[in-house]
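Have a look at the structure below before the remarks.
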Amino acid sequence: MSLVSMRQILDEAFKDGYGVGAFNVNNMEQIQAIMEAAKETKSPVIIQASRRARSYTNDRFLYHLMMAATELYPEIPVALHQDHGNSPETCKSAVDMGFTSVMIDGSLEADGKTPASFEYNVRVTREVVEKAHERGVTVEGELGCLGGIEDGHGAGVDAMAHLTDPDQAVEFVKRTGVDALAVAIGTSHGVYKFSRKPDSAILDMDRIIEIHKRLPKTYLVMHGSSSVPKELQDIINAYGGKLKPTWGVPIKEIQLGIQHGVRKINVDTDSRLAMTGAIRKYLTEHPEEFDLRSYLKPAREAMKKVIIERMRSFGQAGHASDYDPIPLSVMAQRYSNGEL
Ligand SMILES: [Zn+2]
């Protein structure tokens with residue numbers, strides 16, 4: 001199977017009412033962990049790379065690793081998505097490289113830090129939609145600003161300072177034609193999401209319900225949605241790490257979101273925690289070891305385990321063989337004739 005568009009993956013998720021995890025990658029072991037998890041649970045999946053991931057791997061390595069993934073796991077529908085494209089140029093380079101989906105994050109200016117005006121956001125997002133849809137590539141936009149900074153991206157604002165306004169969301173989707181919309185509901189990027197177990201005062205799930213009511217056909221995206229399990233924090237801290245106490249987004253809140261239009265759930269931190277904990281543990285217990293494979297293997301296993309759990313709880317498990325991939329050229333025709 002070749003890479004499929006994210007739109008198709010989300011259309012199918014919509015039909016059956018489940019969510020799909022979008023997992024970030026930076027290297028071969030992470031791609032392998034995700035593909036093995038998808039194989040074991042028979043899940044369609046979204047693999048995403050940030051700008052920094054693309055420069056760390058170099059686009060050509062990333063592209064060929066993803067080609068290897070589609071060759072080795074032909075039964076798994078997989079979309080390759082640009083996470084937080086900061087400008088139309090970044091999104092264009094992703095499309096040229098073979099990404100089947102891009103996010104243009106016009107909620108921030110091109111520096112990836114300064115909150116942008118609504119008009120700026122509409123303008124850059126519309127520009128990306130026109131160019132990407134011509135080539136059958138899916139587009140995700142963002143309205144409102146998430147808290148925190150991850151991979152150098154983010155305003156570093158308080159998570160509650162720029163929540164998505166439901167009325168503005170309707171106007172944004174109408175004027176831009178995005179396939180999917182990332183909404184700000186109080187979550188943050190990075191590991192320090194909440195300083196206590198989140199309740200409705202700091203995680204605004206009602207806002208998702210409200211936005212979904214007004215935009216029933218737009219696929220909503222939850223960013224910063226790692227659950228940051230205490231067991232994973234504990235492993236890191238038990239083997240010399242120094243994480244401060246922190247809370248992520250509870251799985252049951254994500255599941256509530258999925259009942260109300262959330263189709264894509266971004267998870268990065270949980271993979272990082274799982275791999276780092278496994279490496280710390282292994283090296284602490286085997287101080288004489290210096291074979292990279294000895295600690296990368298348990299790290300890959302630990303990430304696979306957490307991804308399997310997420311795939312099962314988001315509901316994507318079991319859906320890999322529900323459909324055949326639609327070529328991007330056919331998706332492009334569907335956009336141009338107004339079917340999509
Ligand atoms: Zn994000």
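The values are calculated or read from the model by the stated rules, or taken from the named source; none is laboratory data. Bear in mind the structure is a predicted one, so any value in this text is a computation, not a measurement. Heads up, the Cβs are rebuilt from the backbone with ideal geometry, glycines too, and the neighbour counts pull from every protein chain shown. Ligands, DNA and RNA are stripped out before the accessible areas are found, and what is left, the full protein with its side chains, is counted by its heavy atoms. Shrake-Rupley method; radii C 1.70, N 1.55, O 1.52, S 1.80 Å.
What are the principal axis extents of the Cα atoms in the chain, in Å, biggest first?
Each principal axis gives a Cα extent; for the chain these are 62, 45, 36 Å.
If all Cα-Cα distances of the range 207-327 are sorted into 10 Å bins from 0 onward, what percent lands in each bin, rounded to whole numbers?
12, 34, 28, 17, 7, 1
Which of the aspartates and glutamates could be linked to K264 by a straight reach, that is with a Cα gap under 15 Å, when you skip same-chain ones fewer than 8 residues away?
D11, E12, D16, D83, E140, E142, D179, E253
Please compute P(r) over all alpha-carbon pairs of the range 144-261, binned at 5 Å starting from zero, and give each bin as a whole-number percent.
P(r) over the range 144-261, rounded to whole percents: 2, 11, 21, 22, 18, 13, 6, 4, 2, 1, 0.
Using the C-alpha gyration tensor of the range 193-244, what are the square roots of 5 times its eigenvalues, in whole angstrom, with the largest one first?
With the √(5λ) rule applied to the range 193-244, the semi-axes are 33, 12, 7 Å.
When only alpha-carbon atoms are used, what values of Rg and Dmax, in angstrom, describe the range 18-75?
Values for the range 18-75 (Cα only, Rg and Dmax): 11.2, 33 Å.
Give the dimensionless ratio obtained when the Cα radius of gyration of the range 234-287 is divided by 2.2 N^0.38 Å.
Working it through for the range 234-287, the quotient is 1.51.
Roughly how many percent of the accessible protein surface of the range 86-173 is carbon and sulfur, given a 1.4 Å probe and a whole-percent answer?
50 percent
Probe of 1.4 angstrom, ligands and nucleic acids ignored: what's the accessible area per residue over the chain, in square angstrom?
42 Å²
By how many nm would the segment from K217 to S117 lengthen if fully extended, with 0.36 nm per residue of separation less the alpha-carbon distance?
That pair, K217 and S117, stretches by 33.5 nm at full extension.
Send over the per residue convex hull volume for the range 262-340, Cα only, as a whole number of Å³.
Cα-based convex hull of the range 262-340, divided per residue, equals 148 Å³.
What is the percent carbon and sulfur in the accessible area of the range 181-286, measuring with a 1.4 Å probe over the protein chains and ignoring ligands?
Reported share for carbon and sulfur atoms: 55 percent.
Please work out the Kirkwood hydrodynamic radius for the range 63-149, using every pair of different C-alpha atoms, and report it in angstroms with one decimal place.
13.6 Å
Could you work out the pair-distance distribution P(r) of the range 1-131 from its alpha-carbon pairs, with 5 angstrom bin width and percents rounded to whole numbers?
Reading upward from the zero bin: 2, 11, 20, 22, 18, 14, 8, 4, 1.
What does the charge count around T246 come to, taking other residues whose C-beta lies under 10 Å from its C-beta (Lys +1, Arg +1, Asp -1, Glu -1)?
Combined, the nearby Lys, Arg, Asp and Glu give +4.
Looking at the chain, what % of its DSSP beta bridges pair antiparallel, to the nearest 5?
If we restrict to bridges inside the chain, about 10 percent are antiparallel.
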